[in-house]
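To start, the structure itself, in structure tokens.
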Amino acid sequence: MNKKGLLIFLLIIISVMGYKFIFQNQVSAGQLAPAPNAAETLQKALGNGKPTFLQFTSENCPACREAAPWIEEIYQTYKNEVNFILADVNKGGSSLAQQLGVMAVPTFVYFDHEGNIVEAFAGYPATGGKKYLEDKFKMLLP
């Protein structure tokens, strides 16, 4: 390999590593990220006495990407009062989706503080989606 090729190769490696470093720091800085094992994460969350918000999502889903900033805003506002779980059906959330009979993404499931499903629905209205999700979310709060 010539020097130019080696330099390009090293720049690509450094770029990929830098992207991973930045992404990991964003997640550790408090952003909501998909749970690697959604079923286990849900089980733990349901046992701590707080309401739980579970969203089934996918990177390939345009509606999920549209809702992501809204979910993040709600998470930042209520993360101390409510458990939040993102279950990516392509990354650790498919078995939980099957258990709960989820057929489409996004699907939202709300659990009360005792672990009972209060409401579950797929999708949201094309207009007023953020308000719709937030209004549904607020019903979890005491």
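Remarks
- Gain on full stretching of the segment that runs from Met103 to Leu141 - 0.36 nm per residue minus C-alpha separation: 11.0 nm
- For the range 46-142, DSSP calls about 60 percent of its internal beta bridges antiparallel.
- Relative to the Cα centre, the charge distribution of the range 63-109, modelled as +1 at Lys and Arg Cβ and -1 at Asp and Glu Cβ, gives a dipole magnitude of about 160 debye.
- Among 59-66, 81-88, the order from most to least packed when residues are scored by Cβ within 10 Å on average: 81-88, 59-66
- Net charge of Cβ neighbours under 14 Å - reference Val105; Lys, Arg +1; Asp, Glu -1: -1
- In order along the range 118-131, the Karplus-derived 3J(HN,Hα) couplings, from 6.51 cos²θ - 1.76 cosθ + 1.60 at θ = phi - 60°, round to 8, 7, 9, 7, 9, x, 7, x, 5, 10, x, x, 5, 4 Hz, and Gly and Pro are given as x.
- Within-12-Å neighbourhood charge of Gln55 [Cβ basis; K, R +1; D, E -1]: -1
Coordinate-derived values only; no laboratory data. Remember, it's a predicted structure, so these values are computed and weren't measured experimentally. We place every Cβ from the backbone using ideal geometry, glycine too, and count neighbours over all the protein chains shown.
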